[in-house]
Amino acid sequence: MADRPRRHESFAVMRLLFVLSSFAPLFVLWAVKGTSLVPDKYFVPLCIVLVLVPTWVLWRRIRVAREGPDQYELTLGPPRDQSQYLIGYLFAILLPFYRQHLESWRDLSALVLAVAFIVFLFWNLKLYHLNIVFRAAGYSIYAIGPRNDQDDLGRGGDWILLTRRKAVHMGCKVTAHRITDTMFIDTGE
């Protein structure tokens, strides 16, 4: 088993790419919808790159984590299912951005700035786990609270567990690989 991860959240660029991968459905919708301002031969490939590159980095990091020695035996604190946040994310973020009409450069600029602002918030609030791709791959997403003042990771804050288990409960023991300092993927699937 690896030593406990640092208290400081690392993987800053990776977290940013994880957030961008959570916006992949929006970029797919934009590619389908298009805009009269930018020719499809430029706009569609840009949207495809915004879907594929961050999503590839996400899945590559998960694969590297699973193949590496960064494995932990964790005893779960109180779990909170994050599914409701995915639904809120889809309806509160993706749909309004998709429905916005891009009839002028001003509209397009405002939309890009709004998405950049949301990406910045997701990145700084560490909400990069809100990703429909995880659900599509069969993973449940749980925020795990500390069992007491300190959790198995040596700090009192919540961390995220991706698992294919139907349910998890407090006190459950899990072997997991670290994806970031606060996100882990269950190996006992």
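The values are calculated or read from the model by the stated rules, or taken from the named source; none is laboratory data. Worth saying up front: this structure is predicted, and the values here are computed from it rather than measured. With ideal geometry, Cβ positions are generated from the backbone for all residues, glycine too; neighbour counts draw on all protein chains shown. All accessible areas refer to the heavy atoms of the entire protein, side chains included, with ligands and DNA or RNA removed. Shrake-Rupley method; radii C 1.70, N 1.55, O 1.52, S 1.80 Å.
From the list D107, D81, D186, D152, which one is within 24 Å of R61 (Cα to Cα), at pLDDT below 85 and over 13 Å from the mean Cα position of the chain (by Cα)?
Details: D107 fails: within 24 Å of R61 (Cα to Cα); D81 fails: at pLDDT below 85; D186 fails: at pLDDT below 85.
Matching residue, one of D107, D81, D186, D152: D152.
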Single residue of segment 50-83 satisfying the filter (part of a helix (DSSP H, G or I) and charged (D, E, K, R)) that is least open to solvent (accessible area, probe 1.4 Å): R61
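When the residues of segment 84-136 are filtered to those that are outside any helix (DSSP H, G or I) and free of Cβ contacts under 8 Å to residues at least 12 places away in the same chain, which remaining residue is least open to solvent (accessible area, probe 1.4 Å)?
Taking segment 84-136 as the starting set, the residues that turn out to be outside any helix (DSSP H, G or I) are 100-104, 125-131.
Those left that are additionally free of Cβ contacts under 8 Å to residues at least 12 places away in the same chain: 100-101, 125.
Working: Q100: 59, H101: 120, L125: 113 Å².
Per the criteria, the residue is Q100.
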